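Enquirer: The structure's right below; bear with me while I get my questions together.
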């Protein structure tokens, strides 16, 4: 029994050694959303202030993400609309200044594709969300000599599931998310 416990502890230590922290390169990353307007067109926006960390090995296998987005950083290229989105009618940015996501599970679905599930907290409500991902590759950056991973995540959330925009508005309920990331190993 003692040998089994020692082996298990050694295996856990070996597994943990291969993991490291990766941080987002904000200059080469974006968090974008698209939502229908008047049911005939789409509005595209971004969140410009965010922090993203992941714990993963050198191949960026099975990353565990922690994401924090500043709600006030919403940008749809229309100041009046952005201020309305920050108001209590939608995000209530004063009361709920951040949106967060934390990975709960990871499933490899192909050579470079995966499914990432996590808890999304928005507007004071936490719900599980699944994103489809593609790892574009891992390279050594010639300038920094750090490993960098590039990936894309896509998914859809229903804004009403999070209590956003409870009044009748001429915008859709489904919000498409596209997240492009360049992560640097620390």
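The values are calculated or read from the model by the stated rules, or taken from the named source; none is laboratory data. The shown structure was predicted, so the numbers you read here are calculated from the model rather than taken from an experiment. Cβ coordinates were reconstructed from backbone atoms using ideal geometry, including for glycine residues, and neighbour counts include every protein chain displayed.
Residues checked against (1) surrounded by 14 or more Cβ atoms within 10 Å (Cβ to Cβ); (2) under 17 Å from residue 61 (Cα atoms); (3) in contact with a helix residue (DSSP H, G or I) (Cβ under 8 Å, 6 or more places away or on another chain):
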site: 122; (1), (2), (3): yes, no, yes
site: 127; (1), (2), (3): no, no, yes
site: 131; (1), (2), (3): yes, yes, no
site: 144; (1), (2), (3): no, no, no
site: 162; (1), (2), (3): yes, no, no
site: 176; (1), (2), (3): yes, no, no
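Enquirer: I'd like the full set of residues that are on the phi > 0 side of the Ramachandran plot and free of Cβ contacts under 8 Å to residues at least 40 places away in the same chain, limited to the stretch 111-137. Please lay out each step first, then the result.
Expert: If we filter the stretch 111-137 for residues that are on the phi > 0 side of the Ramachandran plot, which is where we start, we get 123-124, 137.
Hits for the stretch 111-137 are 124, 137.
Enquirer: Scan the stretch 101-114 for residues that are surrounded by fewer than 16 Cβ atoms within 10 Å (Cβ to Cβ) and assigned to a strand (DSSP E or B) and jot them down. Talk me through it step by step, then tell me what you get.
Expert: Going through the stretch 101-114, the residues surrounded by fewer than 16 Cβ atoms within 10 Å (Cβ to Cβ) turn out to be 102, 104-105, 107-113.
Selection gives 102, 104, 105, 107, 108, 113.
Enquirer: Restricting to the stretch 144-173, what's the tally of residues that are farther than 23 Å from residue 29 by Cα, assigned to a strand (DSSP E or B) and in contact (Cβ under 8 Å) with a residue 24 or more places away in the chain?
Expert: Of the residues in that region, 2 qualify.
Enquirer: Would you tally the residues in the stretch 36-62 being modelled with pLDDT of 95 or more, part of a loop (DSSP other than H, G, I, E, B) and within 19 Å of residue 177 (Cα to Cα)?
Expert: Within the stretch 36-62, residues that are modelled with pLDDT of 95 or more, part of a loop (DSSP other than H, G, I, E, B) and within 19 Å of residue 177 (Cα to Cα) number 2.
Enquirer: Select from the stretch 81-96 the residues that are touching a helix residue (DSSP H, G or I) at 6+ places or on another chain (Cβ under 9 Å) and over 12 Å from residue 47 (Cβ atoms) and list them in ascending order.
Expert: Passing the criteria: 90, 92, 94, 96.
Enquirer: Next up: Scan the stretch 30-60 residue by residue and report those that are without any contact (Cβ under 8 Å) to a residue 24 or more places away in the chain and in contact with a strand residue (DSSP E or B) (Cβ under 8 Å, 6 or more places away or on another chain).
Expert: Keep residues of the stretch 30-60 that are without any contact (Cβ under 8 Å) to a residue 24 or more places away in the chain, which gives 40-42.
If the condition is that a residue be without any contact (Cβ under 8 Å) to a residue 24 or more places away in the chain and in contact with a strand residue (DSSP E or B) (Cβ under 8 Å, 6 or more places away or on another chain), then 42 is the only one that fits.
Enquirer: Here's something else I'd like to know. Of the residues in the stretch 20-43, how many are loosely packed, with under 13 Cβ neighbours inside 10 Å and closer than 21 Å to residue 56 by Cβ?
Expert: Final tally of qualifying residues: 1.
Enquirer: Could you go through the stretch 71-84 and let me know if any residue there is in a strand (DSSP E or B), closer than 19 Å to residue 126 by Cα and in contact with a strand residue (DSSP E or B) (Cβ under 6 Å, 6 or more places away or on another chain). Quick ask: steps written out before the conclusion?
Expert: Residues of the stretch 71-84 that are in a strand (DSSP E or B), as a first pass: 74-75.
Restricting the remaining residues to those that are closer than 19 Å to residue 126 by Cα gives none.
No, the stretch 71-84 contains no residue that is in a strand (DSSP E or B), closer than 19 Å to residue 126 by Cα and in contact with a strand residue (DSSP E or B) (Cβ under 6 Å, 6 or more places away or on another chain).
Enquirer: On to the next question. All but one of (1) without any contact (Cβ under 8 Å) to a residue 24 or more places away in the chain; (2) out of contact with any strand residue (DSSP E or B) (no Cβ under 8 Å at 6 or more places or on another chain) hold for residue 140; state the number of the condition that does not hold.
Expert: (2)
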